[in-house]
Amino acid sequence: MTLKGLRRGKGGLDCKRLGRLDEREGAALVRRAYDRGIRLFAATREYSGTEERAARGLEGIGRSEYLLLTDVRASDAESFRRSLDESLRALGTEYVDVLCLRGVRPEDISDGLREAMSEAKRSRRVRAIGLASDSVESAREAVCGGFFDAVLYPLNSLSAPEELEIAALAEECGVYFFASMPMAGGLLRSAAGAMAFLRGVGNVHPLWGAEYPWQIDETAALERRPPRSTKLLRERIEGEREMSAGLLCRGCGECMPCPVGIDIPFAARAGYIVHIAPRGAYTDAETRGKMRLATKCVGCGYCADRCRFGLNVRGLIRRGVNEYREYMWEQGEEWE
Ligand code: SF4
Ligand code: SF4
(Lines give C-alpha, C1' and ligand atoms only; values in the text may rest on other atoms or scores of the structure.)
(Ligands and ions follow the chains in the order given, each with its own letter.)
Protein backbone atom coordinates (compact mmCIF):
# COMPACT_ATOMS: atom_id res chain seq x y z
CA MET A 1 0.00 0.00 0.00
CA THR A 2 1.21 3.51 -0.77
CA LEU A 3 0.67 6.65 1.25
CA LYS A 4 0.26 9.38 -1.30
CA GLY A 5 2.29 12.47 -0.48
CA LEU A 6 4.80 10.78 1.84
CA ARG A 7 8.12 11.06 0.10
CA ARG A 8 11.23 9.10 1.03
CA GLY A 9 12.70 10.13 4.38
CA LYS A 10 10.12 12.86 4.91
CA GLY A 11 9.39 13.60 8.52
CA GLY A 12 6.46 15.10 10.34
CA LEU A 13 5.37 16.85 13.50
CA ASP A 14 4.87 14.73 16.59
CA CYS A 15 1.95 16.53 18.27
CA LYS A 16 2.38 14.84 21.68
CA ARG A 17 3.91 17.86 23.38
CA LEU A 18 1.16 20.14 22.14
CA GLY A 19 -0.97 18.81 24.99
CA ARG A 20 1.25 20.96 27.24
CA LEU A 21 0.01 24.12 25.55
CA ASP A 22 -3.47 25.54 25.59
CA GLU A 23 -5.61 24.62 22.61
CA ARG A 24 -5.10 27.89 20.74
CA GLU A 25 -1.30 27.84 21.14
CA GLY A 26 -1.08 24.15 20.21
CA ALA A 27 -3.21 24.69 17.11
CA ALA A 28 -1.08 27.71 16.12
CA LEU A 29 2.05 25.53 16.17
CA VAL A 30 0.37 22.94 13.97
CA ARG A 31 -0.59 25.64 11.47
CA ARG A 32 2.90 27.11 11.63
CA ALA A 33 4.33 23.70 10.76
CA TYR A 34 1.89 23.34 7.86
CA ASP A 35 2.71 26.84 6.57
CA ARG A 36 6.40 25.94 6.60
CA GLY A 37 5.93 22.81 4.55
CA ILE A 38 5.32 20.01 7.07
CA ARG A 39 2.66 17.65 5.74
CA LEU A 40 2.64 14.79 8.23
CA PHE A 41 1.06 15.20 11.66
CA ALA A 42 1.24 12.51 14.32
CA ALA A 43 -1.25 12.70 17.18
CA THR A 44 -2.07 10.15 19.84
CA ARG A 45 -4.97 8.95 21.99
CA GLU A 46 -2.47 8.57 24.85
CA TYR A 47 -2.28 12.29 25.63
CA SER A 48 -5.61 13.99 25.69
CA GLY A 49 -6.00 17.06 23.52
CA THR A 50 -3.31 16.36 20.92
CA GLU A 51 -5.79 15.17 18.28
CA GLU A 52 -8.02 18.19 18.94
CA ARG A 53 -5.09 20.60 18.57
CA ALA A 54 -4.02 18.99 15.31
CA ALA A 55 -7.60 19.25 14.01
CA ARG A 56 -7.92 22.90 14.96
CA GLY A 57 -4.53 23.79 13.47
CA LEU A 58 -5.43 22.17 10.15
CA GLU A 59 -8.96 23.58 9.95
CA GLY A 60 -9.90 24.83 6.50
CA ILE A 61 -7.10 23.02 4.69
CA GLY A 62 -8.13 20.38 2.12
CA ARG A 63 -7.84 16.93 3.69
CA SER A 64 -5.75 15.59 0.81
CA GLU A 65 -3.07 18.23 1.52
CA TYR A 66 -1.70 16.52 4.63
CA LEU A 67 -1.32 13.12 6.28
CA LEU A 68 -2.57 12.18 9.73
CA LEU A 69 -1.18 9.46 11.96
CA THR A 70 -2.56 8.57 15.34
CA ASP A 71 -2.19 5.70 17.76
CA VAL A 72 -4.76 3.90 19.84
CA ARG A 73 -4.50 1.40 22.67
CA ALA A 74 -6.83 -1.54 22.11
CA SER A 75 -6.78 -5.19 23.07
CA ASP A 76 -9.95 -6.36 21.31
CA ALA A 77 -12.18 -5.49 18.38
CA GLU A 78 -14.64 -3.50 20.42
CA SER A 79 -12.07 -1.22 22.08
CA PHE A 80 -10.38 -0.77 18.72
CA ARG A 81 -13.61 0.39 17.02
CA ARG A 82 -14.44 2.67 19.92
CA SER A 83 -10.96 4.25 19.94
CA LEU A 84 -11.00 4.72 16.19
CA ASP A 85 -14.40 6.45 16.39
CA GLU A 86 -13.09 8.75 19.13
CA SER A 87 -9.96 9.55 17.14
CA LEU A 88 -11.86 10.36 13.97
CA ARG A 89 -14.22 12.60 15.94
CA ALA A 90 -11.38 14.40 17.73
CA LEU A 91 -9.42 14.84 14.52
CA GLY A 92 -12.50 16.05 12.66
CA THR A 93 -11.86 13.77 9.71
CA GLU A 94 -13.41 10.81 7.95
CA TYR A 95 -10.16 8.89 7.77
CA VAL A 96 -6.66 8.71 9.17
CA ASP A 97 -3.74 7.87 6.93
CA VAL A 98 -1.97 5.72 9.50
CA LEU A 99 -3.51 4.20 12.59
CA CYS A 100 -1.02 2.54 14.92
CA LEU A 101 -2.10 -0.02 17.45
CA ARG A 102 -0.30 0.32 20.78
CA GLY A 103 0.03 -1.92 23.77
CA VAL A 104 -0.36 -5.34 22.14
CA ARG A 105 2.29 -7.79 20.97
CA PRO A 106 1.65 -9.01 17.42
CA GLU A 107 1.38 -12.63 18.62
CA ASP A 108 -1.35 -11.65 21.10
CA ILE A 109 -3.62 -9.97 18.57
CA SER A 110 -6.87 -11.88 18.43
CA ASP A 111 -8.58 -12.81 15.15
CA GLY A 112 -11.40 -10.43 16.06
CA LEU A 113 -9.06 -7.48 16.51
CA ARG A 114 -7.24 -8.33 13.28
CA GLU A 115 -10.56 -8.43 11.45
CA ALA A 116 -11.63 -5.09 12.97
CA MET A 117 -8.41 -3.50 11.72
CA SER A 118 -8.83 -5.00 8.24
CA GLU A 119 -12.43 -3.82 8.17
CA ALA A 120 -11.31 -0.26 9.08
CA LYS A 121 -9.07 -0.35 6.01
CA ARG A 122 -11.76 -1.81 3.74
CA SER A 123 -14.19 0.91 4.80
CA ARG A 124 -11.43 3.47 4.08
CA ARG A 125 -11.55 4.98 7.54
CA VAL A 126 -7.90 4.00 7.82
CA ARG A 127 -5.39 3.91 4.94
CA ALA A 128 -2.59 2.04 6.67
CA ILE A 129 -2.48 -0.01 9.84
CA GLY A 130 0.65 0.16 11.95
CA LEU A 131 2.03 -1.18 15.19
CA ALA A 132 3.42 1.22 17.78
CA SER A 133 5.84 -0.58 20.04
CA ASP A 134 8.98 -0.03 22.12
CA SER A 135 9.97 -3.68 21.87
CA VAL A 136 12.56 -4.78 19.30
CA GLU A 137 10.89 -8.17 18.86
CA SER A 138 7.40 -6.77 18.39
CA ALA A 139 8.62 -4.17 15.90
CA ARG A 140 10.51 -6.83 13.95
CA GLU A 141 7.51 -9.15 13.97
CA ALA A 142 5.28 -6.31 12.75
CA VAL A 143 7.71 -5.59 9.91
CA CYS A 144 8.11 -9.22 8.84
CA GLY A 145 4.67 -10.60 9.68
CA GLY A 146 2.93 -9.35 6.54
CA PHE A 147 -0.12 -7.87 8.30
CA PHE A 148 1.04 -4.36 9.20
CA ASP A 149 1.70 -1.59 6.70
CA ALA A 150 3.72 0.51 9.14
CA VAL A 151 5.64 0.44 12.37
CA LEU A 152 6.17 3.23 14.90
CA TYR A 153 9.32 2.69 16.94
CA PRO A 154 11.76 4.97 18.81
CA LEU A 155 14.85 5.33 16.61
CA ASN A 156 17.79 7.73 16.69
CA SER A 157 21.57 7.84 16.54
CA LEU A 158 21.81 6.22 20.00
CA SER A 159 19.91 3.13 18.81
CA ALA A 160 21.61 -0.26 18.84
CA PRO A 161 22.52 -2.06 15.58
CA GLU A 162 19.63 -4.52 15.99
CA GLU A 163 17.19 -1.60 16.16
CA LEU A 164 18.66 0.04 13.09
CA GLU A 165 18.33 -3.27 11.26
CA ILE A 166 14.56 -3.14 11.72
CA ALA A 167 14.45 0.08 9.73
CA ALA A 168 16.45 -1.55 6.92
CA LEU A 169 14.20 -4.60 7.08
CA ALA A 170 11.12 -2.39 6.89
CA GLU A 171 12.39 -0.87 3.68
CA GLU A 172 13.05 -4.33 2.24
CA CYS A 173 9.55 -5.49 3.19
CA GLY A 174 7.81 -2.33 1.94
CA VAL A 175 6.63 -1.37 5.44
CA TYR A 176 6.60 2.29 6.46
CA PHE A 177 8.92 3.08 9.37
CA PHE A 178 7.97 6.05 11.56
CA ALA A 179 10.62 7.01 14.09
CA SER A 180 9.48 8.46 17.39
CA MET A 181 12.12 10.10 19.63
CA PRO A 182 14.48 11.13 16.81
CA MET A 183 16.26 13.38 19.34
CA ALA A 184 16.35 10.55 21.90
CA GLY A 185 14.01 12.40 24.23
CA GLY A 186 16.32 15.42 24.53
CA LEU A 187 19.58 13.48 24.94
CA LEU A 188 20.68 14.64 21.49
CA ARG A 189 21.29 18.31 20.86
CA SER A 190 21.86 18.52 17.13
CA ALA A 191 18.69 18.27 15.04
CA ALA A 192 20.81 18.41 11.87
CA GLY A 193 22.89 15.48 13.14
CA ALA A 194 19.77 13.53 14.12
CA MET A 195 18.24 14.07 10.71
CA ALA A 196 21.42 13.27 8.75
CA PHE A 197 21.79 10.07 10.75
CA LEU A 198 18.24 8.84 10.16
CA ARG A 199 18.38 9.64 6.47
CA GLY A 200 21.41 7.38 6.26
CA VAL A 201 19.61 4.47 7.92
CA GLY A 202 16.96 3.91 5.27
CA ASN A 203 13.49 5.10 4.43
CA VAL A 204 12.72 6.38 7.93
CA HIS A 205 10.09 9.04 8.63
CA PRO A 206 11.06 10.87 11.83
CA LEU A 207 8.37 12.43 13.98
CA TRP A 208 9.82 15.61 15.46
CA GLY A 209 8.55 16.86 18.79
CA ALA A 210 8.08 20.59 19.30
CA GLU A 211 6.72 22.93 21.90
CA TYR A 212 8.05 26.29 20.71
CA PRO A 213 7.81 28.14 17.40
CA TRP A 214 11.60 28.13 16.92
CA GLN A 215 11.59 24.31 17.09
CA ILE A 216 8.98 24.17 14.33
CA ASP A 217 11.01 26.61 12.23
CA GLU A 218 14.24 24.67 12.73
CA THR A 219 12.65 21.32 11.86
CA ALA A 220 10.78 22.69 8.86
CA ALA A 221 13.95 24.33 7.50
CA LEU A 222 15.87 21.06 7.89
CA GLU A 223 13.04 19.08 6.29
CA ARG A 224 13.07 21.49 3.32
CA ARG A 225 16.83 21.29 2.92
CA PRO A 226 18.06 18.11 4.61
CA PRO A 227 21.63 18.36 5.88
CA ARG A 228 24.37 16.54 3.99
CA SER A 229 26.32 14.02 5.96
CA THR A 230 29.65 15.87 6.21
CA LYS A 231 32.71 14.72 8.14
CA LEU A 232 32.03 17.39 10.77
CA LEU A 233 28.43 16.25 11.25
CA ARG A 234 29.46 12.60 11.45
CA GLU A 235 31.98 13.49 14.16
CA ARG A 236 29.29 15.36 16.05
CA ILE A 237 26.92 12.38 15.83
CA GLU A 238 29.68 10.06 17.04
CA GLY A 239 30.47 12.43 19.94
CA GLU A 240 26.81 12.51 21.02
CA ARG A 241 26.68 8.75 20.76
CA GLU A 242 29.71 8.31 22.99
CA MET A 243 28.33 10.69 25.57
CA SER A 244 24.74 9.49 25.77
CA ALA A 245 24.36 5.94 24.41
CA GLY A 246 24.07 4.41 27.91
CA LEU A 247 21.34 6.83 28.93
CA LEU A 248 18.64 5.82 26.48
CA CYS A 249 16.05 3.57 28.07
CA ARG A 250 13.70 2.31 25.33
CA GLY A 251 10.91 1.41 27.72
CA CYS A 252 10.81 -2.14 26.35
CA GLY A 253 10.30 -3.70 29.79
CA GLU A 254 12.65 -6.63 29.23
CA CYS A 255 14.30 -5.88 32.60
CA MET A 256 11.06 -6.66 34.44
CA PRO A 257 9.91 -7.93 36.86
CA CYS A 258 11.68 -6.12 39.67
CA PRO A 259 11.58 -7.95 43.04
CA VAL A 260 10.68 -4.68 44.78
CA GLY A 261 7.87 -4.03 42.30
CA ILE A 262 9.38 -0.96 40.64
CA ASP A 263 7.92 -0.04 37.26
CA ILE A 264 11.37 0.22 35.67
CA PRO A 265 10.40 1.39 32.16
CA PHE A 266 8.48 4.25 33.72
CA ALA A 267 10.94 5.15 36.47
CA ALA A 268 13.98 5.03 34.18
CA ARG A 269 12.30 7.37 31.70
CA ALA A 270 10.32 9.46 34.18
CA GLY A 271 12.16 12.69 33.34
CA TYR A 272 11.40 12.34 29.65
CA ILE A 273 7.79 11.21 30.15
CA VAL A 274 6.75 14.01 32.49
CA HIS A 275 8.34 16.64 30.30
CA ILE A 276 6.43 15.73 27.15
CA ALA A 277 3.08 15.00 28.80
CA PRO A 278 0.39 17.61 29.37
CA ARG A 279 1.15 19.67 32.48
CA GLY A 280 -0.01 18.06 35.69
CA ALA A 281 -0.64 14.70 33.99
CA TYR A 282 1.65 12.78 36.34
CA THR A 283 0.83 14.33 39.71
CA ASP A 284 -1.83 11.70 40.47
CA ALA A 285 -1.68 9.32 43.43
CA GLU A 286 -0.77 6.30 41.28
CA THR A 287 2.30 7.97 39.76
CA ARG A 288 3.34 9.40 43.13
CA GLY A 289 3.22 5.90 44.61
CA LYS A 290 5.06 4.42 41.66
CA MET A 291 7.89 6.93 41.96
CA ARG A 292 8.01 6.59 45.74
CA LEU A 293 8.54 2.86 45.22
CA ALA A 294 11.36 3.69 42.77
CA THR A 295 13.28 5.26 45.66
CA LYS A 296 13.27 1.83 47.36
CA CYS A 297 15.55 0.16 44.79
CA VAL A 298 17.84 -2.25 46.66
CA GLY A 299 20.43 -2.45 43.90
CA CYS A 300 20.13 -6.21 43.36
CA GLY A 301 21.14 -5.77 39.71
CA TYR A 302 18.55 -8.20 38.20
CA CYS A 303 17.33 -5.47 35.88
CA ALA A 304 20.80 -4.60 34.56
CA ASP A 305 21.48 -8.30 33.88
CA ARG A 306 18.36 -8.48 31.72
CA CYS A 307 18.71 -5.18 29.84
CA ARG A 308 19.94 -6.13 26.39
CA PHE A 309 21.22 -2.59 25.84
CA GLY A 310 23.63 -2.85 28.77
CA LEU A 311 22.22 0.19 30.56
CA ASN A 312 23.04 1.29 34.08
CA VAL A 313 19.42 0.79 35.06
CA ARG A 314 19.85 1.75 38.69
CA GLY A 315 21.52 5.00 37.67
CA LEU A 316 18.66 5.74 35.27
CA ILE A 317 16.11 5.13 38.01
CA ARG A 318 17.95 7.52 40.33
CA ARG A 319 18.00 10.09 37.58
CA GLY A 320 14.26 9.50 36.96
CA VAL A 321 13.51 10.01 40.65
CA ASN A 322 15.49 13.28 40.70
CA GLU A 323 13.74 14.57 37.61
CA TYR A 324 10.34 13.59 39.00
CA ARG A 325 11.19 15.41 42.23
CA GLU A 326 12.05 18.52 40.22
CA TYR A 327 8.87 18.18 38.15
CA MET A 328 6.68 17.96 41.25
CA TRP A 329 8.42 20.96 42.69
CA GLU A 330 7.73 22.91 39.47
CA GLN A 331 4.07 21.91 39.69
CA GLY A 332 3.96 23.18 43.27
CA GLU A 333 3.07 19.68 44.50
CA GLU A 334 4.16 17.90 47.66
CA TRP A 335 5.55 14.48 46.87
CA GLU A 336 7.90 12.94 49.49
S1 SF4 B 1 18.35 -3.04 40.95
FE2 SF4 B 1 16.56 -1.97 41.79
S3 SF4 B 1 15.21 -1.66 40.04
FE4 SF4 B 1 16.69 -3.21 39.44
S5 SF4 B 1 15.63 -5.15 39.87
FE6 SF4 B 1 16.88 -4.63 41.69
S7 SF4 B 1 15.51 -3.50 43.05
FE8 SF4 B 1 14.53 -3.55 41.01
S1 SF4 C 1 16.24 -0.52 31.28
FE2 SF4 C 1 16.77 -1.66 29.41
S3 SF4 C 1 15.42 -3.47 29.43
FE4 SF4 C 1 14.58 -2.00 30.93
S5 SF4 C 1 13.02 -0.87 29.81
FE6 SF4 C 1 14.95 0.29 29.65
S7 SF4 C 1 15.93 -0.41 27.75
FE8 SF4 C 1 14.33 -1.90 28.27
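The values are calculated or read from the model by the stated rules, or taken from the named source; none is laboratory data. These numbers were taken from a predicted model, which means no experiment stands behind them. We place every Cβ from the backbone using ideal geometry, glycine too, and count neighbours over all the protein chains shown.
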Legend entry - Candidate set: the range 246-280, residues that are surrounded by fewer than 17 Cβ atoms within 10 Å (Cβ to Cβ) and of a type in the set (Gly, Ala, Ser); chosen: the one nearest to SER48 (Cα to Cα): GLY280
Inset, instruction - Name, by its number, the condition in (1) within 20 Å of the chain's Cα centre (by Cα); (2) basic (Lys, Arg); (3) modelled with pLDDT of 95 or more that does not hold for ARG45. - result: (3)
Inset, instruction - Select from the range 269-314 the residues that are farther than 22 Å from LEU188 by Cα and of a type in the set (S, T, N, Q) and write down the one among them that is farthest from ligand 2 (Cβ to nearest atom). - result: THR283
Legend entry - the range 193-220 residues that are at positive phi, paired with ones that are of a type outside the set (D, E, K, R) and crowded, with 21+ Cβ neighbours inside 10 Å (beta carbon under 8 Å, 6 or more apart): GLY202/ALA167; GLY202/ALA170; GLY202/PHE177
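Which one is nearest to LEU207 (Cα to Cα) among residues in the range 267-319 that are part of a loop (DSSP other than H, G, I, E, B) and away from ligand 1 (no atom under 16 Å from the Cβ)?
ALA277
Residues that are among the aromatic types (Phe, Trp, Tyr), at least 1 per element: which helices (runs of 4 or more DSSP H) completely within the range 60-159 meet that?
In the range 60-159, the matching helices (runs of 4 or more DSSP H) lie at 77-91.
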Inset, instruction - With the condition kept exactly as written, say whether any residue in the range 215-228 is at pLDDT below 90 and assigned by TED's automatic domain parsing to the domain that holds ARG24. - result: yes
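Is it fair to say MET243 is more than 14 Å from TYR324 (Cβ to Cβ), part of a helix (DSSP H, G or I) and either more than 16 Å from ligand 2 (Cβ to nearest atom) or outside the structural domain of SER135 (by TED's automatic domain parsing) (or both)? If you could, list the steps in order and put the result at the bottom.
Working: more than 14 Å from TYR324 (Cβ to Cβ): yes; part of a helix (DSSP H, G or I): yes; either more than 16 Å from ligand 2 (Cβ to nearest atom) or outside the structural domain of SER135 (by TED's automatic domain parsing) (or both): yes.
Here the answer is yes, as MET243 does meet what is asked.
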Legend entry - Every pair of residues 6+ apart whose Cβ atoms lie under 7 Å, when the first sits in the range 307-330 and is among the β-branched types (Val, Ile, Thr) while the second is more than 15 Å from ligand 2 (Cβ to nearest atom) and modelled with pLDDT of 95 or more: VAL321/MET291; VAL321/THR295
Inset, instruction - Show the residue pairs that are 6+ apart or on different chains and have beta-carbon atoms under 6 Å apart, the first residue being within the range 258-275 and at pLDDT 95 or above, the second being among the basic types (Lys, Arg) and within 11 Å of ligand 1 (Cβ to nearest atom). - result: VAL260/LYS296
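This table checks each residue for (1) over 30 Å from ALA294 (Cα atoms); (2) surrounded by fewer than 17 Cβ atoms within 10 Å (Cβ to Cβ); (3) basic (Lys, Arg).
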| residue | (1), (2), (3) |
| --- | --- |
| MET181 | no, no, no |
| GLY193 | yes, no, no |
| ALA196 | yes, no, no |
| THR219 | yes, no, no |
| LEU222 | yes, no, no |
| ARG228 | yes, yes, yes |
| LYS231 | yes, yes, yes |
